[in-house]
Each structure stands twice: as structure tokens, then as C-alpha cells.
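> Below is one structure. I have some questions about it.
The values are calculated or read from the model by the stated rules, or taken from the named source; none is laboratory data. Just so we're clear, the structure is a prediction, and the values are computed from it rather than from any experiment. Counting neighbours? That spans all protein chains shown, and the Cβs are built from the backbone with ideal geometry, glycine included. For the accessible areas, the whole protein counts, side chains as well, though only heavy atoms, and no ligand, DNA or RNA atoms are used. Shrake-Rupley method; radii C 1.70, N 1.55, O 1.52, S 1.80 Å.
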Amino acid sequence: MIDPSWVAGLGVFLFCIGLWGAFTRKNAIIVLMSIELILNAVNLNFIAGAAQHGDATGWVYTAFAIAIAAAEVAIGLAIFLAMYSQHETISLDEVKLLKH
């Protein structure tokens with residue numbers, strides 16, 4: 001069996017990659033994928049904590065986080081489709097929705 005500290009370390013590493021991607025990328029789809037990577041890293045840490053303590057609470061939190069991630073993807077893609085139909089781009093630098 002894999003030591004939960006290694007799984008937690010992997011979760012922290014994936015979280016850092018997702019955070020870097022969300023802050024440095026200009027394409028809205030890449031930013032959405034980075035946020036999904038962050039959510040999956042949090043799920044890994046929930047599961048590592050559940051395995052470390054022998055409790056099922058981390059698994060329950062993970063199930064809720066997966067449901068939230070699915071809703072986030074659906075809403076994000078709907079926003080991107082509306083943004084593309086109005087501005088014909090999904091680049092976050094070229095679209096200035098808050099100024100209109």
C-alpha cells in the first residue's frame with residue numbers, strides 16, 4: 001500500500017501546478033483546466049487524510065467536491081460559449097467583459 005504522505009505530497013505538487021497555470025495562462029480553457037487540476041489535488045489530499053486516519057469523511061468530502069467540479073465545468077463552458085459568441089475569442093486578455 002502507498003504511504004498517505006506520498007499521496008498528500010503528490011496532491012500538493014498538483015495543486016502548485018494548477019495554481020501556476022491559473023495565474024499565468026491567458027486562454028480561458030487552460031485556466032478552467034488548471035482549476036480542475038486544483039480541485040483534483042484537493043480530492044487527493046482528502047483521500048490521503050481519510051487513509052491516514054482510517055475515516056470515511058475524506059471520501060464523503062471528495063464525492064461532494066467531484067459534484068462541485070462537474071457543476072463548475074458546466075457553468076464555465078456555458079460562460080465561454082457566451083463569451084465566444086459575443087466577442088469571437090476566449091482569450092482573457094482580449095475580452096474585457098467588466099468594462100461594458
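> Asn27 passes all but one of (1) surrounded by 13 or more Cβ atoms within 10 Å (Cβ to Cβ); (2) at pLDDT 90 or above; which number fails?
(2)
> When you check Leu39 against the structure, is it open to solvent by less than 60 Å² (accessible area, probe 1.4 Å) and part of a helix (DSSP H, G or I), yes or no? Talk me through it step by step, then tell me what you get.
Details: open to solvent by less than 60 Å² (accessible area, probe 1.4 Å): yes; part of a helix (DSSP H, G or I): yes.
So Leu39 passes the test.
> Inspect the stretch 50-67 for any residue being surrounded by 13 or more Cβ atoms within 10 Å (Cβ to Cβ) and under 22 Å from Arg25 (Cα atoms) and give the result as yes or no.
No, the stretch 50-67 contains no residue that is surrounded by 13 or more Cβ atoms within 10 Å (Cβ to Cβ) and under 22 Å from Arg25 (Cα atoms).
> To continue, here is another question. Please find, among Phe80, Phe46, the residue that is in contact (Cβ under 8 Å) with a residue 40 or more places away in the chain and among the aromatic types (Phe, Trp, Tyr). Let's see the steps before the verdict.
Working: Phe46 fails: in contact (Cβ under 8 Å) with a residue 40 or more places away in the chain.
Only one candidate qualifies: Phe80.
> On the basis of being part of a helix (DSSP H, G or I), at pLDDT below 90 and among the small types (Gly, Ala, Ser), does Ser85 make the cut?
Values: part of a helix (DSSP H, G or I): yes; at pLDDT below 90: yes; among the small types (Gly, Ala, Ser): yes.
So Ser85 passes the test.
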